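The values are calculated or read from the model by the stated rules, or taken from the named source; none is laboratory data. Owing to the predicted nature of the structure, the values given are computational and were not obtained by experimental measurement. With ideal geometry, Cβ positions are generated from the backbone for all residues, glycine too; neighbour counts draw on all protein chains shown. For the accessible areas, the whole protein counts, side chains as well, though only heavy atoms, and no ligand, DNA or RNA atoms are used. Shrake-Rupley method; radii C 1.70, N 1.55, O 1.52, S 1.80 Å.
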Amino acid sequence: MDFPPNYIAKTLSGFCVCYFKNTTHDPEAPPHYHITVPISDDSSLLLCIITSQVENKAWYYHKTNEEAESCLVSVDKHDLPFLKRKSLIDCNQPVLIHKNKFSKIIDPDHKFEVVTRNIPKEIKKKIVKAIKDSPIVKPFIKKLIKFP
């Protein structure tokens, strides 16, 4: 049985990985994995995109903000078994979205799936540190993060 994304959004808490096509991205962009980061606001979600465009993303930050380059968390199939190739979690551009508006960024013509809620503790720590260390992330978002 498929549940609507807004219903699923209400059940998301803690770290988990979702797979969907984001309507706010380029229409030609494929669906991506997004990782949710626990925050103190239970009515919202904080999402970081996981991209396999490793070289492009690293080069972008190398050119625009070298300090931000260190806030890309490298992952592969040993960290997250569903990944097919080495990828990066972009912790410089987390998206804060109200759970009631979550379905608006999900393209209904593509699959939406909660892939896993089992994220290794080391990866969680790296994500939180990268968001908090990012020179781009707004301070109020950094303060929302709820992780030891």
Of all residues in the range 51-94, count the ones that are open to solvent by less than 50 Å² (accessible area, probe 1.4 Å) and of a type in the set (Ser, Thr, Tyr). 4
So ILE97 clears everything in (1) of a type in the set (A, V, I, L, M); (2) under 14 Å from ILE141 (Cα atoms); (3) open to solvent by less than 10 Å² (accessible area, probe 1.4 Å) except one condition, right? Which one? (3)
Return the residue satisfying two criteria in turn: it lies in the range 66-122 and is modelled with pLDDT of 90 or more and among the polar types (S, T, N, Q), and of such residues it is nearest to THR51 (Cα to Cα). SER87
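Yes/no matrix, rows are residues, columns are (1) farther than 14 Å from THR36 by Cα; (2) outside any helix (DSSP H, G or I); (3) under 15 Å from the mean Cα position of the chain (by Cα):
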residue: LYS84; (1), (2), (3): yes, yes, no
residue: LEU96; (1), (2), (3): no, yes, yes
residue: ASN100; (1), (2), (3): yes, no, no
residue: LYS124; (1), (2), (3): no, no, yes
residue: ILE127; (1), (2), (3): no, no, yes
residue: ILE131; (1), (2), (3): no, no, yes
Taking the condition outside any loop (DSSP other than H, G, I, E, B) and crowded, with 16+ Cβ neighbours inside 10 Å, does ILE119 pass? no
Can you confirm whether the range 25-35 contains a residue that is part of a loop (DSSP other than H, G, I, E, B) and open to solvent by less than 50 Å² (accessible area, probe 1.4 Å)? yes
